[in-house]
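The values are calculated or read from the model by the stated rules, or taken from the named source; none is laboratory data. As the structure is a prediction and not an experimental result, all values here were calculated from the model. Counting neighbours? That spans all protein chains shown, and the Cβs are built from the backbone with ideal geometry, glycine included.
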Amino acid sequence: MVFNLNMFLVGTGPSDPELLTIKALKVIQSADLLLYDILVSNDVLNMVGPDAKLLGYNSRTQLLLSFAEAGATVVRLKGGDPLVFGRGGEEMDFLQQQGIEVKVVPGITAASRIAAELGIPLTHRGVANSVRFLTDHSQKGGTDPLFVAENAADPDSTLVVYMELATLHSLASKLMCHGLPPDTPAAAIE
């Protein structure tokens, strides 16, 4: 059975309300209920419609289901882009398995914002012909710089790793062991 509900998964971008898409703003302002996590800025939360209810939320998919079944226009707010390391895919899969269609509104991921602010092209003719977004968290759990290094030591690609800075030195060493030249330009942003 497929429910005819309004369930949205909305990326709020990297904490700057001016970087919201127009569609994200429209959905946020028309929602009955908005569930948000810690990465959604207060500036974005202040943009909700006057009658909307806000609820702090941390990846409890069953809660999403109960509100959707109640017939409300439900918006799940995720920092950045909901389908880039935001676990939005897991929430979407769960709801779809329950027969609920989820409409996804993309957001700007942190890597795009930082690259723009610092003037670092993610791709650049003659320098990098692709970009890879990786996390240092493996599916097995925990951080694994070796996993990242084995899959990312490509001098023709920009590598963006969403990680804890504590693993940076280990990752750099492993990337060089896998063939990345020591003089490869790099930036670490916290």
Exercise for the section: Select, from Gly107, Gly88, Gly99, the only residue that is at pLDDT below 90, within 21 Å of Leu39 (Cα to Cα), surrounded by 12 or more Cβ atoms within 10 Å (Cβ to Cβ) and not aliphatic (A, V, I, L, M). Expected result: Gly88
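Those residues that are among the charged types (D, E, K, R), surrounded by fewer than 17 Cβ atoms within 10 Å (Cβ to Cβ) and in contact with a helix residue (DSSP H, G or I) (Cβ under 9 Å, 6 or more places away or on another chain), I need them from the stretch 150-190; list them, please. Explain how you work it out, then say what you get.
Narrowing the stretch 150-190 to residues among the charged types (D, E, K, R): 150, 154, 156, 164, 174, 183, 190.
Right, trim to surrounded by fewer than 17 Cβ atoms within 10 Å (Cβ to Cβ) and you get 150, 154, 156, 164, 183, 190.
Glu150, Glu190, listed by residue number.
What about Asp51, is it farther than 14 Å from Val105 by Cα and touching a Lys or Arg at 6+ places or on another chain (Cβ under 9 Å)? Working first, answer last.
Numbers: farther than 14 Å from Val105 by Cα: yes; touching a Lys or Arg at 6+ places or on another chain (Cβ under 9 Å): no.
So Asp51 fails the test.
Looking at the stretch 32-51, which of its residues are part of a helix (DSSP H, G or I) and either among the β-branched types (Val, Ile, Thr) or out of contact with any Pro (no Cβ under 9 Å at 6 or more places or on another chain) (or both)?
Residues of the stretch 32-51 part of a helix (DSSP H, G or I): 42-45.
Those that are part of a helix (DSSP H, G or I) and either among the β-branched types (Val, Ile, Thr) or out of contact with any Pro (no Cβ under 9 Å at 6 or more places or on another chain) (or both): Asn42, Val44, Leu45.
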Exercise for the section: Quick one: in the stretch 110-121, of everything that is of a type in the set (A, V, I, L, M) and buried (at least 18 other Cβ atoms within 10 Å of the Cβ), which residue is nearest to Ala186 (Cα to Cα)? Expected result: Ala115
Handout entry: Flag if Asp37 is modelled with pLDDT under 90, under 22 Å from Ser112 (Cα atoms) and of a type outside the set (Lys, Arg)
Key = yes
Exercise for the section: Write out, first by first residue and then by second, each pair whose Cβ atoms fall under 9 Å of each other, whose residues are 6+ apart or on separate chains, and whose first residue, in the stretch 18-31, is closer than 11 Å to Gly107 by Cβ and in the same structural domain as Gly80 (by TED's automatic domain parsing) while the second is assigned to a helix (DSSP H, G or I) and basic (Lys, Arg). Expected result: Leu19/Arg113
Exercise for the section: Taking Asn46 as the residue in question, decide whether it is over 30 Å from Ala188 (Cβ atoms) and at pLDDT 90 or above. Expected result: yes
